[in-house]
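The values are calculated or read from the model by the stated rules, or taken from the named source; none is laboratory data. The structure displayed is predicted, hence computed values, not measured ones. FYI the Cβ positions are ideal-geometry reconstructions off the backbone, even for glycines, and counts take in every protein chain you see. Side chains are part of the model used for accessible areas, which takes the heavy atoms of the whole protein and leaves out ligands, DNA and RNA. Shrake-Rupley method; radii C 1.70, N 1.55, O 1.52, S 1.80 Å.
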Amino acid sequence: MPPSGALCGKVFEEGTEPAPNLFITYSFCKANCGSFRRSKPRVVDEWAAPLVQFVLPSIIFSMSVPQRNGYLPKEILKRPRRQQRWTKYPSKLLRAILGLLIVIMDTLLWIGAILVYAGPMMLSGLHESVLDYKILKAVLKPKTEIPIPQNTKLYMLLTVISGNLVLAEGQPNTRILDVLSLCPAAATPAAPMLCMHCTTTNKKERLRSLMTSQNSFGATIAAPVIFYLGAFAYTIIDLLGKPSDQDAAISLAFGVEWMVVVHVAIVSGCLLASNNPSSVSVLVGNARVLPALQVSSPWWRKQWCPDVYDTMFQPVAIWERGSNKKKWLSAHAWGDPAIHDSVQMGCVTWPLIWVFTLILIGLPPAAGAVVAWQTPPVGWGCRSLSFVCYAACQVMVIVFWLLKEKYPVQISSNLRTGRYTMPWRLWDTFVNNLLGCCVSLCYKILIGLSLLTVLGGTLMQIIGVYRNCLCYTNAQWWLKLDQARVDVASDTYDQRHSSQNWIVMGCFATGFMALCCYGGWLYQRYIRDRYKGAIEELI
């Protein structure tokens, strides 16, 4: 029998007293309430709030993150060579439907890739941003210090603006550098001084054009962030009017977790190198005809993961941009000790990059975990633990991603050719490959766990899987469920007063995302001004 004064399904009304707690045992709940309560289509707060307010807007930001490869083949959309007249229009309709499905699936797969590779993406992006700052600082050194040759300065400025291109495909570092030095006046009977002045002017204009080909941060990232913040403002206002609404609180928690996609977009959008290699490819044209050195890839990757850009140059994946820009420097300017020392990452720079990366990747799920933890029953539960597990998996993904780069699995060249190899060298290769295989296996397991915790957790919230008796108890009772109790009352005193913590955390997350957006805009504005000043220093 329920206690006297117990209310079931009470809704918050201004001026009314909160409902008293109504506890039942876990065994009674499991025996009478079924497995879980699915979200009701007519109750939009249960499923539509996290989907429409936070998940779908994240798709817009995922489109601004540079993508190296697609995830589905586009060959099936090509028009067949021979086609009967009566099959012309049905085949067009079929290709249109297939094209729409491919675009939707490709976007969803890319969002999943951003969520599971968010840590390496932000670490590499911050690495590239620091490299850009150090390169421009070295170029703009006072003339009283060790001077840098003009051709080295030109190459360093080219590295800043095009260092995200794959070196092995088309040799962009040499071909673009040759084109920058071309002068139209050289083909005419003009004076040498005129040709020299024209060449310098062309270098400056072409470098400036390459810089301006990158979309501004305000148009691509800052403006959508302002509208995205409206979803947080609406949820916070909704909590002020309905302080005991747990659906709004949980919607806020998952929205805060999905801020990771926005953070990746902010980091990738503030970088100076253009995400689209088309402008560089147009600049090179046929100035120097060289066969493109295509990277050998498995047939399935070429078929199922085609290049996004159909150009002679291809960008690297965003999680490789920092290391790729360092390869550009190593190819030309790394031999100069002065340049090497000024661009080299010190013992202070790397810890700062790590700290900022951990803040950007760990704060959103941590804030979501706090909101879920403060939702009655207060304590660690299914939702809050899923947020914490995602943050922990991302931190470990970064660690094993770095280890995977350090210990790659490779086959000795002597084994390929059949030459004799010393036993101790074979043993070293075996140990390194064994270590690399273990690191790669752990890395893939962590990728799967990240995908399970973030996408699986969001889907379980939308479907209603979290609305079960086990998730209505705290984790400390999971090993002794015979003693656990479930509070089935709504609009209780605890629920009303927990909304204050929800609102505070929602305001904090909103302010932090706005601060990150402002920091990204400020950095790109600063680095653009520095780059323009470095261009003017060219002689």
Pairs with Cβ under 6 Å, 6+ apart, first in segment 495-512 and of a type in the set (S, T, N, Q), second outside any helix (DSSP H, G or I) and open to solvent by 30 Å² or more (accessible area, probe 1.4 Å): S498/Q374; N501/Q374
Looking for whichever is in contact with a helix residue (DSSP H, G or I) (Cβ under 6 Å, 6 or more places away or on another chain) and either open to solvent by 80 Å² or more (accessible area, probe 1.4 Å) or at pLDDT 80 or above (or both) here; the options are S39, S4, S35, S27. Which one fits? S39
Listed by range, helices (runs of 4 or more DSSP H) wholly within segment 299-387 having at least 1 residues that are modelled with pLDDT of 85 or more and surrounded by fewer than 19 Cβ atoms within 10 Å (Cβ to Cβ) are 321-332, 349-373
Among the residues that make up segment 147-158, is at least one of them in contact with a His (Cβ under 6 Å, 6 or more places away or on another chain), of a type in the set (F, W, Y) and either assigned to a helix (DSSP H, G or I) or modelled with pLDDT under 80 (or both)? yes
Kindly check whether there is at least one residue in segment 163-171 that is modelled with pLDDT of 80 or more, within 21 Å of A317 (Cβ to Cβ) and not in a loop (DSSP other than H, G, I, E, B). yes
List, please: which pairs have Cβ atoms under 9 Å, are six or more places apart or on different chains, and start with a residue in segment 250-268 that is within 18 Å of D45 (Cβ to Cβ) and end with one that is of a type in the set (F, W, Y) and outside any helix (DSSP H, G or I)? I250/Y466
Please enumerate the residues belonging to segment 269-286 that are open to solvent by 20 Å² or more (accessible area, probe 1.4 Å), in contact (Cβ under 8 Å) with a residue 12 or more places away in the chain and either part of a helix (DSSP H, G or I) or among the hydroxyl-bearing types (S, T, Y) (or both). S278, S279, L283
Considering every residue within segment 443-455, establish whether at least one is under 30 Å from E405 (Cα atoms) and aromatic (F, W, Y). yes
Expected single match for open to solvent by 50 Å² or more (accessible area, probe 1.4 Å) and among the polar types (S, T, N, Q) among N468, N432 is N432
Flagged pairs (Cβ under 7 angstrom, 6 or more apart or on separate chains; first in segment 44-63, among the aromatic types (F, W, Y); second at pLDDT below 80 and part of a helix (DSSP H, G or I)) are F54/A231
When T453 is run through (1) β-branched (V, I, T); (2) modelled with pLDDT of 90 or more; (3) outside any helix (DSSP H, G or I), the failure sits at (3)
Tally time: how many residues in segment 456-481 are aliphatic (A, V, I, L, M), over 13 Å from S384 (Cβ atoms) and not in a loop (DSSP other than H, G, I, E, B)? 5
Can you name the condition, by its number, that T220 falls short on among (1) modelled with pLDDT of 80 or more; (2) under 21 Å from the mean Cα position of the chain (by Cα); (3) open to solvent by less than 30 Å² (accessible area, probe 1.4 Å)? (3)
Of the residues in segment 247-267, those that are among the aromatic types (F, W, Y) and under 12 Å from R383 (Cα atoms) number 1
With the checklist (1) part of a loop (DSSP other than H, G, I, E, B); (2) in contact with a Pro (Cβ under 9 Å, 6 or more places away or on another chain); (3) farther than 30 Å from V179 by Cα in hand, flag the one item H263 doesn't pass. (1)
Residue among F61, F54 that is touching a Pro at 6+ places or on another chain (Cβ under 7 Å) and at pLDDT 75 or above: F61
Selected residue [within 22 Å of G448 (Cα to Cα) and out of contact with any strand residue (DSSP E or B) (no Cβ under 6 Å at 6 or more places or on another chain)] from A317, A367: A317
